[in-house]
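A short reminder: the numbers here are calculations on the coordinates, not readings from a lab. None of these values were measured; they are calculated from a predicted model. Backbone-built Cβ (ideal geometry, glycine too); neighbour counts: all protein chains shown.
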Amino acid sequence: MSLENLELNHTNTIRNGNVAKLLTRTNFARLEKLRNRTRYVASSCKDIRDRYHEHEDGLYYLTTANGMVYQTFCDMTTDGGGWTLVASVHENSFLGRCTVGDRWSSQQGNNPNLPDGDGNWSNRNTFGTPEGATSDDYKNPGYYDISAQDMSVWHVPNNFPLEHWNLAAILRYHTENRFLSLYGGNLIQLFKQFPVRYNVGSCSDRGPAIPIVYDFGDEESTSQFYGPRSRAEFVPGFITFRAINNERGAMALCSGVKPTGCNNEHYCIGGGGYFYVNQCGDFPSFDYDSLGGDQGWTVSKEMSEAAVLLFYR
Amino acid sequence: MSLENLELNHTNTIRNGNVAKLLTRTNFARLEKLRNRTRYVASSCKDIRDRYHEHEDGLYYLTTANGMVYQTFCDMTTDGGGWTLVASVHENSFLGRCTVGDRWSSQQGNNPNLPDGDGNWSNRNTFGTPEGATSDDYKNPGYYDISAQDMSVWHVPNNFPLEHWNLAAILRYHTENRFLSLYGGNLIQLFKQFPVRYNVGSCSDRGPAIPIVYDFGDEESTSQFYGPRSRAEFVPGFITFRAINNERGAMALCSGVKPTGCNNEHYCIGGGGYFYVNQCGDFPSFDYDSLGGDQGWTVSKEMSEAAVLLFYR
Amino acid sequence: MSLENLELNHTNTIRNGNVAKLLTRTNFARLEKLRNRTRYVASSCKDIRDRYHEHEDGLYYLTTANGMVYQTFCDMTTDGGGWTLVASVHENSFLGRCTVGDRWSSQQGNNPNLPDGDGNWSNRNTFGTPEGATSDDYKNPGYYDISAQDMSVWHVPNNFPLEHWNLAAILRYHTENRFLSLYGGNLIQLFKQFPVRYNVGSCSDRGPAIPIVYDFGDEESTSQFYGPRSRAEFVPGFITFRAINNERGAMALCSGVKPTGCNNEHYCIGGGGYFYVNQCGDFPSFDYDSLGGDQGWTVSKEMSEAAVLLFYR
């Protein structure tokens, strides 16, 4: 066993101890600085940037209109900064079909009698933590509380720690036409107009498709992340809300693309409570042709194993 | 699509921008005031009222005897105020029978070998948030930490935001005989004496029925919220704890009524881990005669789609 | 009913009221003291002890390297104190086999295609609260954020309140050879080297077995807590990480013992997502010979109904 040579280990430990003491002094100043952010009074990362001139990415304290305080991640660098992380969509398992962990579709099983599923796109539930946002679903009060104009989306490989999200992301983009103002200022308002609900309409009843600006990646790389067959029925360079497929299943958003066809369960995420056989889930049918990824309708491994982080500004 | 006329939208956005700036200044002062509540040291909303003379409904900070800090909603107006929201019972789906989301009965399936179900009426688990209390189950440390005398109950339509609860409630009442003092000061103590457990006793072994005073609604409206057949076997004007039905299923409370019969799965809520076929759940058998509500044993749509908010004072 | 004699009760209530007022004054000073701990800037309980000279067990505020603030329990007395509670493993039901509540193995059912199960031994998800740590699973950011040298483990009967954990514990011990420094400073790093994953290796591929020092209990009492047949295949006086059984099921730790055989599903806890028939769960097969406990492979009732609390220092 690795502990047989305890003496050597002990020496190492002492050496580490000295390094640790030096680190500790630096860490304390650093932690103190982070704790002082508790003084900020702001309802969004944009407020923090504008009022307190903070330009460092990281965790900040926000306050809802009702006074609820929470911490979340602010992207303070992209396009001038001021982006508030409000949610992440994380697929915990393609084997569980609308089971535990599928908070952005349904945890109640695939059921046409529960057309809204868990309803989290349209309610004030919250779950998860910012530091766990790439290991599990995340939703904070900013999702319904902040009044914003634009969105930014990061696809970050699962389980990456917060301090490396920016560099680790396989795709990052934002909108810049202030579309959210037209739909009530946030997703809870937008989805009131376009419910994420099974059987609410047909494929032609999808919500808005908003042009995007790339911060990392481009139209070509976006297309490559989805399955070859999907590429034939979407246009990259957009984020689309409330897509509906051939079988009247509803999805919340298509990240990076605008559907031109109706098999969008292969490239749109989130959902209501019912899908065609074996497709219900947070990433509905990203694994359709499960031949190792990137074949037929199946998305790339990079895409299926990355959490989708949603920001407002 | 709604974005075709982008120019017009842009103009609107700018106009909204000016309004937003004015709002922002007011909001900042408002948020600052809310954040200052963090200075209060109190174990209940009653403390906040008595010590700091606050009379505004809203979120405040409370501290448990062990020092755990949490935010919850205080009703500072009803009957002099000082009511702490400690829990909400929310039925997420009548199709899931003691499945995910049924925290006030069981998430482990209907199972006679798990007589206590999830046991949340009698333990120190907490879940949910005050702002999400009408979208999902909620329980904060006050449930077990506060030593109180009376209870207040609000039935608030699902998904209503906190700032409108008071006006939106379909039924609001409180007790005034200080009954909680006799049962240990809170529900965790009361349910030690009257466990919410399958097969713990028969219909005659129910816990106390406490007279209530109405703050919104009355005995007549209470009766109308439940099914016509139920009305024949309860008396309105009470809140009753630990009811037991014919099949020895246990429920935590009957909101607004005192049972005189033993089919109380149709008008009492919360529960142990086992009920007669297809009745297990947070609102056990509120949908028995599922003919659209308000028929046979089935409660009104208003009642089945409202969260039950529990307050202490 | 207990409320028939309301007059007597009323008198009692008034009397209690006076006592309450006296208590209130003491409580306020106490709460104020606890709230003042919010000023501490520290990443672990060891920091709190060293920097602020606190020697009282209880809840303190910690800050992660990214600035996330959380409260957890510090054991400030055992062997000089400075122990941070980072997690608890709580078995909610032996009837649910990798179902809701089995966060330390899998909530997705027993499934060989999900070898890591929920993966919480190796990710940054968090759940539960310190005050609820004996009523449900608990994991805070310290689990992955703190850089520690040793571990301490307490087995505390389910549902015991925090203020009585120390006295109520049936077994308490700690390591003192700074082994964690060799494995990256915490469990998330250790389990990177020794994944808790079905089919990752055979029984001989277990991780380190670290000698322990008892704070309550001894080798004899440790042995007695497990089943008679188990005693034949472990040595007490150790904590062992990542055990693997005959059927290639992986467990996270064996509390108090070092396996010498391969039926460790009867005395090790936590796990990947797949076990032999009917053994998947947070306490995998503690109930194998379900004859009332303490027979065959079945652990004692004391052990199966106690949460396992994990501390770092």
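Worth a mention:
- Once the C-beta distance of A:Thr38 and B:Gln193 is scaled by a Förster radius of 60 Å, the resulting FRET efficiency is 0.90 to the nearest 0.05.
- With all projection directions averaged, the alpha carbon convex hull of the range A:67-135 covers 6.3 nm².
- Charge context of A:Met68, other residues only, Cβ under 9 angstrom, K/R +1, D/E -1: -2
- When only the Cβ of Lys, Arg, Asp and Glu is charged (+1, +1, -1, -1), the dipole of the protein assembly as shown relative to its Cα centre reaches about 2020 debye.
- Convex hull (Cα only) mean projected area of the protein assembly as shown, reported in nm² to one decimal: 36.7
- Inter-copy label distances at A:Val200 (7 Å, Cα→Cβ; nm, one decimal): 4.1, 4.1
- Listed residues A:Glu32, A:Glu56, A:Glu163, most fluctuating in chain A (Gaussian network, C-alpha, under 10 Å): A:Glu32
- Taking C:Arg35, C:Arg25, C:Arg206 in turn, the Gaussian network model of chain C (Cα-Cα springs below 10 Å) assigns the largest fluctuation to C:Arg25.
- Leading residue at positive end of dipole, chain A (Cβ point charges), from A:Met68, A:Gly128, A:Pro284: A:Met68
- Centre separation in Å (Cα based) which lies between the range A:255-313 and the range B:248-288: 41
- Theoretical FRET efficiency, 1/(1+(r/R0)^6), r = Cβ-Cβ of B:Thr77 and C:Asn278, R0 56 Å, to 0.05: 0.55
- Averaging over all projection directions, the Cα-based convex hull of chain C occupies 18.7 nm² in the image plane.
- With an a/c value of 1.5 or above and a/b not larger than b/c for the gyration tensor axes a ≥ b ≥ c computed over the alpha-carbon atoms, the range A:253-303 is described as oblate.
- Compared with the dominant principal axis of the Cα atoms in chain A, helix A:6-36 is inclined by about 70°.
- Note on chain C: with a GNM built from Cα contacts shorter than 10 Å, the maximum mean-square fluctuation among C:Asn120, C:Asn140, C:Asn278 falls on C:Asn278.
- Gyration tensor (Cα) of the range C:24-65, equivalent ellipsoid semi-axes in angstrom: 22, 11, 7
- With 10 Å bins from 0: P(r) over the range C:175-245, alpha-carbon pairs, percent: 18, 41, 36, 5
- Which listed pairs, of A:Lys139/C:Lys301; B:Lys192/C:Lys46; A:Lys139/C:Lys192; B:Lys46/C:Lys33; A:Lys46/B:Lys139, have C-alpha distances above 30 Å, in listed order: A:Lys139/C:Lys301; B:Lys192/C:Lys46; A:Lys46/B:Lys139
- Straight Cα distances below 16 angstrom link C:Lys258 to the aspartates and glutamates A:Glu4, C:Asp205, C:Asp218, C:Glu219, C:Glu220, C:Glu233, with same-chain residues fewer than 8 positions distant left out.
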